[in-house]
Amino acid sequence: MQALSTRHLLGIKDLQKKDIELVLDTAKEFKEVINRPIKKVPSLRDITIANIFFENSTRTKLSFELAEKRLSADVINFSSSGSSVKKGETLLDTVNNILSMKVDMIVMRHSSPGAPHFLSQKIKANIVNAGDGTHEHPTQALLDAYSMREKVGDLACKKIAIIGDILHSRVALSNIFLLQKMGAEVRVCGPNTLIPKHLPELGVKIFHNVREALEWCDVANVLRIQLERQQIKYFPSLREYSLYFGINKKMLDELNKEIVVMHPGPINRGVELSSDAADSHHSIILNQVENGVAVRMAVLYLLAQNN
C-alpha cells in the first residue's frame with residue numbers, strides 16, 4: 001500500500017506532489033463511503049484522536065470530528081476556554097497531559113504560526129495542523145483541490161484566482177503551495193493593503209481589479225475579510241471593500257464563460273460575496289463542506305498507517 005512521505009500533516013509546503021495525489025485519490029474512495037447508507041468503516045478502530053482547538057472553529061472542528069467517527073476512532077475534544085490553559089499551563093504541558101491518556105494522534109488549531117511544527121519535535125503522536133495563525137491550513141487546501149478537480153478536472157494549467165484578504169489568510173498560502181505543485185497557475189486579487197509583499201517571490205501575479213481576475217480565471221476562490229486578525233484598518237469600510245472587490249451574480253453572469261466560485265467559510269454575505277452569488281449555480285461552497293469530511297478521513301487514515 002502507498003504511504004505518505006511524512007508522519008505529520010503540518011503544511012502543504014512539506015508535502016510532495018505524490019502525497020497530495022495520494023490524499024485526493026484516497027478521499028475519492030472515502031467519499032463513496034460517506035454516501036452509503038452505512039457511513040462508518042472500522043479503519044481506525046484502535047486509534048484515539050484528540051482535537052485540540054485553541055481558536056474558535058465550526059466547520060473544521062465538526063468536519064474532523066465527523067471524519068474521525070466515520071473511521072471508528074475514539075475521539076477526545078479539547079477547547080482552551082474553560083481549560084487549565086486559562087490558568088497559565090503551557091502548550092507542551094497541556095498536550096503531554098492529553099498524550100499520557102494514550103492518545104495516538106492530535107488535530108490542532110492554534111493562533112501562533114508554527115505551533116504544530118514546534119509540537120512535532122517534542123512528542124511522538126501524529127499531528128495534523130488544523131490551522132496555525134496566518135500561516136497554513138493544509139486540509140482546507142486539500143479539500144479545495146479535491147473540489148476543484150471534481151468540477152474542472154486535472155488542475156494542471158488551470159487558472160485559479162484567490163480573491164480577498166490574502167494577508168491574513170492561512171487558506172491562501174496553503175492553496176498557493178498546493179496549486180503550484182499540481183501545475184496550476186495562481187493569481188491573487190485584493191486591495192494593495194491586503195496583499196503580502198512576498199507574493200511575487202512565490203511566482204504569484206496580482207490583480208487589483210476583481211472583474212479582470214474573474215475574466216482571467218477558471219476558478220475563483222473567494223476569501224473572508226478577517227476583521228478579528230486586523231489590528232489596524234486596511235481599508236476605509238466594509239461597504240467600500242464590497243463596492244470594489246465584492247462579487248455578485250450579475251458580474252458572474254456577464255462573463256463570457258462559466259467559472260466556479262468557492263469560499264472556505266464562513267461567508268460575510270454582502271461583503272466579499274452577495275447571497276445571489278454564493279447560492280448560484282456557479283458556487284460549489286456546500287460541495288467543499290461535504291468533501292472536507294472525505295479529505296480529512298483520507299488524511300487521518302494515511303497518517304495512521306505511518307504511526
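The values are calculated or read from the model by the stated rules, or taken from the named source; none is laboratory data. Since this is a predicted model, take the numbers as computed values, not measurements. Glycine also receives a Cβ, built like all others from the backbone with ideal geometry; neighbour counts cover every protein chain displayed.
Can you pull out the residues in segment 116-166 that are at pLDDT 95 or above and aromatic (Phe, Trp, Tyr)?
TYR146
Checking the structure you have, find out if any residue of segment 36-45 is modelled with pLDDT of 90 or more, touching a Pro at 6+ places or on another chain (Cβ under 8 Å) and more than 18 Å from GLY292 (Cβ to Cβ).
no
Can you run down the residue pairs with Cβ atoms below 7 Å, 6 or more apart or on separate chains, where the first is in segment 106-130 and over 20 Å from ASN307 (Cα atoms) and the partner is β-branched (Val, Ile, Thr) and buried (at least 22 other Cβ atoms within 10 Å of the Cβ)?
ARG109/THR60
If you take the residues of segment 212-246 that are loosely packed, with under 14 Cβ neighbours inside 10 Å and modelled with pLDDT of 90 or more, which of them is nearest to SER111 (Cα to Cα)?
Top of the filtered list is TYR244.
Suppose we filter LYS250, LYS257 for residues that are surrounded by fewer than 20 Cβ atoms within 10 Å (Cβ to Cβ), of a type in the set (D, E, K, R) and part of a loop (DSSP other than H, G, I, E, B); which single one remains?
LYS257
Among the candidates ILE176, ILE267, ILE206, single out the residue that is at pLDDT 95 or above, in contact with a helix residue (DSSP H, G or I) (Cβ under 9 Å, 6 or more places away or on another chain) and either aromatic (Phe, Trp, Tyr) or closer than 28 Å to SER57 by Cα (or both).
Numbers: ILE267 fails: at pLDDT 95 or above; ILE206 fails: either aromatic (Phe, Trp, Tyr) or closer than 28 Å to SER57 by Cα (or both).
So the residue among ILE176, ILE267, ILE206 that is at pLDDT 95 or above, in contact with a helix residue (DSSP H, G or I) (Cβ under 9 Å, 6 or more places away or on another chain) and either aromatic (Phe, Trp, Tyr) or closer than 28 Å to SER57 by Cα (or both) is ILE176.
Among (1) under 16 Å from the mean Cα position of the chain (by Cα); (2) outside any loop (DSSP other than H, G, I, E, B); (3) without any contact (Cβ under 8 Å) to a residue 60 or more places away in the chain, there is one condition ARG187 misses while meeting the rest; what is its number?
(1)
Looking at this structure, is ALA220 assigned by TED's automatic domain parsing to the domain that holds LEU62 and of a type outside the set (Phe, Trp, Tyr)?
no
Within segment 1-49, can you find the residues that are among the hydrophobic types (A, V, I, L, M, F, W, C), assigned to a loop (DSSP other than H, G, I, E, B) and more than 18 Å from LYS181 (Cα to Cα)? Break it down stepwise before answering.
Here is the first cut: in segment 1-49, the ones among the hydrophobic types (A, V, I, L, M, F, W, C) are 1, 3-4, 9-10, 12, 15, 20, 22-24, 27, 30, 33-34, 38, 41, 44, 47, 49.
This time we only want the ones that are assigned to a loop (DSSP other than H, G, I, E, B), so: 1, 3-4, 10, 15, 38, 41, 44, 47.
Those that are among the hydrophobic types (A, V, I, L, M, F, W, C), assigned to a loop (DSSP other than H, G, I, E, B) and more than 18 Å from LYS181 (Cα to Cα): MET1, ALA3, ILE38, VAL41, LEU44, ILE47.
Does segment 78-115 hold any residues that are modelled with pLDDT of 85 or more and among the acidic types (Asp, Glu), and which are they?
Within segment 78-115, ASP93, ASP104 qualify.
So LEU66 fits all but one of (1) in contact with a strand residue (DSSP E or B) (Cβ under 7 Å, 6 or more places away or on another chain); (2) aliphatic (A, V, I, L, M); (3) outside the structural domain of LEU223 (by TED's automatic domain parsing); what number is the exception?
Every condition holds for LEU66 apart from (1).
For segment 260-280, name all the residues that are over 29 Å from THR26 (Cβ atoms) and either assigned to a strand (DSSP E or B) or of a type outside the set (Asp, Glu) (or both).
Taking segment 260-280 first, the residues over 29 Å from THR26 (Cβ atoms) are 268-280.
Once the filter is applied, which keeps residues that are over 29 Å from THR26 (Cβ atoms) and either assigned to a strand (DSSP E or B) or of a type outside the set (Asp, Glu) (or both), segment 260-280 yields ASN268, ARG269, GLY270, VAL271, LEU273, SER274, SER275, ALA277, ALA278, SER280.
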